[in-house]
Amino acid sequence: MRSGSNLERVLESGTFAVTAEIAPPKSTSTEGLRKKVQALKGCAEAFNLTDNQTAIVRLSSMASSVACLQEGAEPVMQMTCRDRNRIAMQSDLLGAASLGIRNVLCLSGDHQTFGNQKEARNVYDIDPVQQLMVFRQMRDQGQVWGGDTIEERPKVYLGAAANPFADPFEYRVARLAKKVKAGADFVQTQAIFDLDRFERFMTEVRARRLDEQVHILAGVVPLKSANAARYMKTKVSGMSVPDEVVVRMKSASDPKKEGIRICVETIDHLKNIPGVHGVHIMAIGWEEMVPTIAEQSGLLPRPCIP
C-alpha cells in the first residue's frame with residue numbers, strides 16, 4: 001500500500017471501482033458541499049474535488065477535500081499545473097498529505113480563456129507528466145525536486161487524466177504511457193459517449209500492457225438535454241459524441257431520464273471491456289443523480305475492503 005487510501009485498496013483488490021465528482025462552491029461556505037457528500041457517501045470509493053474547473057474561481061480543492069474528509073468520505077484532490085509552479089505544487093502536496101488527503105489527481109487544468117478572467121496568466125511551469133514524476137519522487141524517495149530530503153514522506157495515491165478522443169488519436173496511448181511511466185497509479189478518462197473509439201483506445205492500451213501497470217477508470221457524464229449533447233459534440237474540445245446520442249436525446253419524451261439511461265447503458269458496456277477497472281461519474285451540476293446511476297448500473301452496495 002502506497003497511500004492507505006480506500007480507492008487504492010479497492011482497485012488493488014481487483015474490484016470494479018467507482019469514483020464521482022463534486023464541484024466546490026463559489027463561496028467560503030461548505031454547507032452545500034457537505035450536503036452533497038452526505039448524499040453521495042457510500043456510492044463511490046472516492047470523490048474528486050475539482051480545482052477551479054473551467055478556470056472559474058471556487059473554494060480550493062484542498063479546503064473542499066478537507067470538508068469531504070470531515071464528512072467521512074474520501075476525497076481525490078485535483079491539482080492543476082495552470083495555477084502553480086513546481087514550488088507551490090510540492091508545498092501543496094505536503095500540505096494535503098499532512099491533512100489526511102490520500103489521493104491526488106495531476107492535471108493541466110482548463111485554459112484561463114474558458115473562464116471569466118481571461119486576462120489571467122497561466123503558469124505551466126511543468127506539465128502533468130513532470131508533476132507525476134516530482135510527486136512520485138517525493139513519495140517513494142523522500143526528496144523534493146531540488147534534492148532536499150523530506151523528513152516524513154507524503155503518502156499519496158497518484159492519479160492522472162487521459163483523453164481517448166483528442167486528436168491526433170495515434171498519440172493518445174503514447175501520452176498515457178508517459179504518465180504511467182512517470183508514476184500514475186490510476187487514470188480517469190474524459191467522458192465516454194463514443195464507445196467504438198474507446199474500444200480502439202483500449203485495444204492499443206492492452207497491446208502495450210498498460211492496463212497491467214495502471215488502473216483505468218472510464219469517465220461517464222449523464223446528459224440532461226439534447227442541447228447539452230449538442231454542446232458537448234460541437235463546442236467542447238476533445239469530445240466525441242455520436243449523432244445517435246444527440247438524436248436519442250432530441251427524440252426522448254423525458255430527456256433527463258433518457259440521459260440517465262444512456263449513462264447506465266454506457267457503464268454496462270464499460271464493465272465488459274478488458275482493462276477497464278472502474279468508472280468515474282461526472283454528473284456536472286447534477287450530483288444528486290449519482291446514487292441513481294450507481295444503483296441502476298448494479299454498482300451498489302460498494303465493497304468494504306479491510
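The values are calculated or read from the model by the stated rules, or taken from the named source; none is laboratory data. What you see is a predicted model; the values in this text were computed from it and never measured. Ideal geometry is used to build each Cβ from the backbone, glycine not excepted, and the neighbour counts take in all protein chains shown.
Does the stretch 109-116 contain at least one residue that is acidic (Asp, Glu) and either surrounded by 15 or more Cβ atoms within 10 Å (Cβ to Cβ) or touching a residue at least 12 places away in the same chain (Cβ under 8 Å) (or both)? Checking the stretch 109-116: at least one residue is acidic (Asp, Glu) and either surrounded by 15 or more Cβ atoms within 10 Å (Cβ to Cβ) or touching a residue at least 12 places away in the same chain (Cβ under 8 Å) (or both).
Within the stretch 201-209, not a single residue is within 19 Å of Leu40 (Cα to Cα) and either within 20 Å of the chain's Cα centre (by Cα) or surrounded by 14 or more Cβ atoms within 10 Å (Cβ to Cβ) (or both). When restricted to residues that are within 23 Å of the chain's Cα centre (by Cα), in contact (Cβ under 8 Å) with a residue 12 or more places away in the chain and assigned to a helix (DSSP H, G or I), the stretch 211-229 contains 3. Look at the stretch 249-278: where a residue is within 19 Å of Pro291 (Cα to Cα) and a partner is small (Gly, Ala, Ser), sitting 6+ places away or on another chain with Cβ atoms under 7 Å, you get Pro255/Ser225; Pro255/Ala226; Glu258/Ala252; Val264/Ser297; Ile267/Ser297; Asp268/Ser297; Leu270/Ala218; Gly278/Ala17. From Leu94, Leu158, grab the single residue that is within 23 Å of Leu217 (Cα to Cα) and among the hydrophobic types (A, V, I, L, M, F, W, C). Exactly one residue qualifies, and that residue is Leu158.
Just give me the residues in the stretch 279-306 being more than 23 Å from Val10 (Cα to Cα) and exposed (fewer than 14 other Cβ atoms within 10 Å of the Cβ), in sequence order. Those that are more than 23 Å from Val10 (Cα to Cα) and exposed (fewer than 14 other Cβ atoms within 10 Å of the Cβ): Gly285, Glu288. The single residue among Leu195, Leu223, Leu176 that is within 30 Å of Val156 (Cα to Cα) and at pLDDT 95 or above turns out to be Leu176. Within the bounds of the stretch 235-242, is there any residue that is in contact with a strand residue (DSSP E or B) (Cβ under 9 Å, 6 or more places away or on another chain), surrounded by 16 or more Cβ atoms within 10 Å (Cβ to Cβ), at positive phi and not in a helix (DSSP H, G or I)? The answer is no; no qualifying residue exists. Among the residues of the stretch 1-44, those that are over 19 Å from Leu217 (Cα atoms), of a type in the set (S, T, N, Q) and surrounded by fewer than 16 Cβ atoms within 10 Å (Cβ to Cβ) comprise Ser27, Thr28, Ser29, Gln38.
Just need a number here: residues in the stretch 113-169 that are part of a loop (DSSP other than H, G, I, E, B) and under 27 Å from Thr189 (Cβ atoms). Show your work before the answer.
Filtering the stretch 113-169 for residues part of a loop (DSSP other than H, G, I, E, B) gives 115-127, 142, 144-148, 150-156, 163-168.
Adding the requirement that they be under 27 Å from Thr189 (Cβ atoms) leaves 115, 122-127, 154-156, 163-168.
Residues in the stretch 113-169 being part of a loop (DSSP other than H, G, I, E, B) and under 27 Å from Thr189 (Cβ atoms): 16 in total.
Determine if the stretch 267-278 includes at least one residue that is surrounded by fewer than 19 Cβ atoms within 10 Å (Cβ to Cβ), of a type outside the set (S, T, N, Q), assigned to a helix (DSSP H, G or I) and at pLDDT 95 or above. Yes, the stretch 267-278 has at least one match.
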